[in-house]
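Everything below concerns the one structure shown next.
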Amino acid sequence: MLDILFTKSAGLHSNQLRDVGVKDGKITYIADSSEAAPESIEVYDLAGKLLLPGLVEPHIHLDKALLLERMAEDVTELRRAIEVTSRLKQSFTAEDIYERSMRVIRQAVSKGITHMRCHAEIDPVIGLTSMEAMVALRQQLQGIIDLQVVAFPQDGLFHDERMLSLMQQAAALGPDVIGGITYMDTDLSDHLAYVFEMAEQRGLPVDLHVDFSDNPQQLAIKQVIEATKHYGMQGKVSVGHLTSLGAADREDAKRIAADIAEAGIHVISLPLTDLYLNGRGEFKGDYRGLTPISTLLEHGVNVTYGSNNVQNAFTPFGTTDPLDVGLLLAQTSHLGSAKDAMQLLRMATLGAADALGLTEYGLRIGADADLIVCAAKDARSLLYERPERERVYKRGRLVSQTEVKQHNWLSMETVG
Ligand SMILES: [Zn+2]
C-alpha cells in the first residue's frame, strides 16, 4: 500500500503520462499511467500537470536578507555594499536573523525549494550569532526544507586576530560546508590553505566566493583549481560569482573552463547580484558582469545558479524563485532556445543537487519524495511563465499549497 499515488503526471522529457508512488517519504513506484498502479492511501490525479523534483537553491545569504528599508542610501558598488552591510550587522540579533530568515524560507518553500545552501556570516562583529541561528533553523526545519550551513568568513580570515578562533568555534557548531572568499585577504595562498585544511580535517566540502569583479586579471580561480587538486577535493568544491572569467580573454577562459571541469569544481552563477554590481565601467565585447555560462557548459563544467541575496545592499531584487533567476540568465546569457530552457531547468535541479552533493535527490525510484506540482506545457513555458508551484512535497509530506484561480473579464471563467 502506497502513501500517495500521483496519477497522470507529466515530465519535461516525454509526453508520456506517468504514475508516481510514494511510500515512507521515498519514491517507490514509477510507471506509465496506462498500467495498473498499486493501491494507495491517497490518490492525486494531476491531469497532465508537471511533477518535478524540488528546486535547489545552492547559494543564499539568509542572515543579511531583507535589509532594504534599513539602508540610508542606495549602493551600487561591492566594497560599499560590504561596508554598509557591516554597519547594519552591528544591530543584528539572533531574533532578527531568525525572523528575516524565516520570511525568506517561507517564500522559498512556496516556490518549490526543497534544499538550500546558506552562508552564515562569521566576523568579530556578528561573532557566532548567525552561525548559531542557521544551525538552529536547520534543525527546526527538518522535514520541511533541507538547509546546508556554510561557515562563511565574509570579511576574510586575516584582517582581525579574533577571526581564526571564531572560525574554529564555528566549525565546532557543525557546519555542512567550509566557506571562503578569494578577494578579501591579501594573501590568497594562506586563505585557501586555511579553508581547505579545515575542510579536509572535518571531511567537509568547500564553497568559495571567487573572482567577483569585472577585472579580467583577477583569476584566483587558477589557485582554487590547484588547491582542489592538491587536497584531492575534486567534486567537493563550489565557486560562486566567478565573473572576472567572463571578462577574461576568450581563449584563456576556455582553457580555464577545461581546467575547472577537470578539477570537478561546480560553478554557481549569481546573476541578481552580478548584473547589479558589475559591468558598470567601460567594457569591450558583450561582457555583462556574469560568469561565461556557455563556455563553462561547453567544457563540461557543472554550472548552476542561485539567488545569493534577497533585497539588500548587494542585490535590491529577489523573490527567492529559482525560475526568476533562470529566466534572467536566459535573457542575459543568450540562452533562448528550447534546449537552453531544458539546460537552465536542469541547472536549478540536478545540477544544483550535484553541487550540494545530494545523494537522495531526483525523480527516480529510491530517491526522497521531494516533489513539486505545477502546470506548464514544456520547459520553455515553465521557465518563461513561472507558474505557481501548486503543491510542494518534502519526503512525501505536503509542505506548501498554492491555489491558482483567475477571474478574467474576457472569459469570466475560473481557470486553473
Ligand atoms: Zn554570496
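Worth pointing out:
- Of Ala31, Ala375, Ala341, the one that fluctuates the most in a GNM where the chain has Cα springs shorter than 10 Å: Ala31
- Around Thr76: net Lys/Arg minus Asp/Glu count, Cβ-Cβ under 14 Å: -3
- With kT/(6 pi eta Rh) evaluated at 4 °C and eta = 1.567 mPa s, and Rh the Kirkwood radius from Cα pairs, the chain diffuses with a coefficient of 59 µm²/s according to Stokes-Einstein.
- Segment 9-165 - percent relative contact order, Cα under 8 Å, separation 6 or more: 20 percent
- Degrees separating the helix 163-172 axis from the principal Cα axis of the chain, which is the longest one: 30 degrees
- In this entry, segment 103-179 is assigned a mean projected area of 5.0 nm², taken as a quarter of its C-alpha convex hull surface.
- 20 °C / 1.002 mPa s Stokes-Einstein diffusion coefficient of segment 1-113, Kirkwood radius on C-alpha pairs, µm²/s: 120 µm²/s
- One way to sum up the overall shape of segment 162-318 is the equivalent ellipsoid from its Cα gyration tensor, whose semi-axes run 25, 19, 14 Å, largest first.
- Ala338-Glu262 pseudo-label distance in nm [points 7 Å out on the Cα-to-Cβ vector]: 3.7 nm
- Ranking of Ser238, Ser86, Ser91 by neighbouring Cβ atoms within 10 Å, starting from the fewest: Ser91, Ser86, Ser238.
- Neighbour counting of Cβ atoms within 10 Å sorts the residues Lys405, Lys377, fewest neighbours leading, into Lys405, Lys377.
- In this entry, segment 316-416 is assigned a mean projected area of 8.8 nm², taken as a quarter of its C-alpha convex hull surface.
- Intensity falloff of segment 140-227 expressed as log10 I(q)/I(0), Debye formula with alpha-carbon point scatterers, at q = 0.15, 0.26 Å⁻¹: -0.58, -1.37
- For the chain, the longest principal axis of the Cα atoms and the long axis of helix 250-262 meet at an angle of about 70 degrees.
- Within segment 251-306, the GluC sites (Glu not before Pro) that combine a DSSP coil assignment with at most 10 other C-beta atoms in a 10 angstrom radius are Glu282.
- Report summary: the helix-based calculation at 222 nm, which adds -39500 (n - 2.57) for every DSSP H run with n ≥ 4 and divides by the residues of the chain, gives -9500 deg cm²/dmol.
- Dimensions of segment 79-235 along the principal axes, based on C-alpha atoms and rounded to the nearest Å, stand at 39, 34, 32, largest first.
- Residue with peak Gaussian network fluctuation, the chain [Cα springs, cutoff 10 Å], from Leu12, Leu344, Leu62: Leu12
- Per DSSP, loop trypsin sites (Lys or Arg not before Pro) in segment 245-281 with at most 15 further Cβ within 10 Å: Arg280
- Relative contact order for the chain: 19 percent, from Cα pairs under 8 Å spaced at least 6 residues apart, divided by residue count.
- Most mobile of Gly246, Gly112, Gly174 in a GNM of the chain (Cα contacts under 10 Å): Gly174
- The mean sequence separation of alpha-carbon pairs under 8 Å and at least six residues apart, normalised by the residue count of segment 321-396, gives a relative contact order of 30 percent.
Every number here is computed from the coordinates shown, using simple stated rules; none is lab data. This one's a predicted model, so the numbers in the text were calculated from it and none came from an experiment. With ideal geometry, Cβ positions are generated from the backbone for all residues, glycine too; neighbour counts draw on all protein chains shown.
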